[in-house]
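Heads up, the thing below is written out as structure tokens.
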Amino acid sequence: NAGVTQTPKFQVLKTGQSMTLQCAQDMNHNSMYWYRQDPGMGLRLIYYSASEGTTDKGEVPNGYNVSRLNKREFSLRLESAAPSQTSVYFCASSAAGSSYNSPLHFGNGTRLTVT
Amino acid sequence: AQSVTQLGSHVSVSEGALVLLRCNYSSSVPPYLFWYVQYPNQGLQLLLKYTTGATLVKGINGFEAEFKKSETSFHLTKPSAHMSDAAEYFCAVSDPYGNNRLAFGKGNQVVVIP
């Protein structure tokens, strides 16, 4: 069982470059999420998609865009990367729907450095 | 807004000793509470969760947590630390507006000393 798959695992960008982080889940989950993890900050929600066809901003959405391509895939795009976006990015999914307590299943992360 | 406080970013514990990680939450409604663990270079995985019912919750790998409404706490414990418990631990509280929007604490990095 693959679970949640993120690509790429590592990426180095120059300031101003763009890139898309890919995420796919094979658990038939309704909801998908993008978090960023920074030292001493815990995880902060960037965007989420409660169901196919919907997306909403989280805690730190500035500088990012997302696309829920279908039920399986949820991508995160950086249009013009900035050094402040250096972070580890995690995609997660849950069966959620209207339930508040379905556990999140995480991918292994993408480590992004912006120089 | 929901929030979680975890004190002490790094926690050192001797092998065989009690592991105690503290979590206090703020919530305007009855909360759902979670503990997640992150091993090096991996994503987070669920240790245990509290939704309703029994306030003492048992999770994987011998961990348990007790929900105390009067203290707004959900502390994580394990009676005897093992080297494999070295990891980062996150407490989280669910968002009252649903969609599983979790608010995470800043995490505790646990170091197990042989």
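Can you tell me which residue among A:Ser84, A:Ser80, A:Ser93, A:Ser67 is among the small types (Gly, Ala, Ser), buried (at least 21 other Cβ atoms within 10 Å of the Cβ) and more than 9 Å from chain B (Cβ to nearest Cβ)?
Only one candidate passes the filter, namely A:Ser93.
Check region B:75-84 and report whether any residue there is assigned to a strand (DSSP E or B), touching a Cys at 6+ places or on another chain (Cβ under 8 Å) and within 17 Å of B:Asn108 (Cα to Cα).
yes
Just a yes or no: is a residue in region A:54-66 over 16 Å from B:Arg101 (Cα atoms) and modelled with pLDDT under 95?
No, every residue in region A:54-66 fails to be over 16 Å from B:Arg101 (Cα atoms) and modelled with pLDDT under 95.
Does region B:47-57 contain at least one residue that is more than 11 Å from chain A (Cβ to nearest Cβ), part of a loop (DSSP other than H, G, I, E, B) and of a type outside the set (A, V, I, L, M)?
Checked against the condition, which is being more than 11 Å from chain A (Cβ to nearest Cβ), part of a loop (DSSP other than H, G, I, E, B) and of a type outside the set (A, V, I, L, M), region B:47-57 yields at least one hit.
Just checking, how many residues over region A:1-43 are surrounded by fewer than 17 Cβ atoms within 10 Å (Cβ to Cβ), within 13 Å of chain B (Cβ to nearest Cβ) and under 13 Å from the mean Cα position of the chain (by Cα)?
Here the count works out to 2.
Which residue, of A:Thr115, A:Thr110, is over 21 Å from A:Gly42 (Cβ atoms) and either within 14 Å of chain B (Cβ to nearest Cβ) or not aliphatic (A, V, I, L, M) (or both)? Can you show your working first?
Details: A:Thr110 fails: over 21 Å from A:Gly42 (Cβ atoms).
Only one candidate passes the filter, namely A:Thr115.
The values are calculated or read from the model by the stated rules, or taken from the named source; none is laboratory data. All of these numbers come straight from a predicted model, not from anything done at the bench. Don't worry about glycine lacking a Cβ; one is built from the backbone with ideal geometry, like all the others, and counts go over all protein chains shown.
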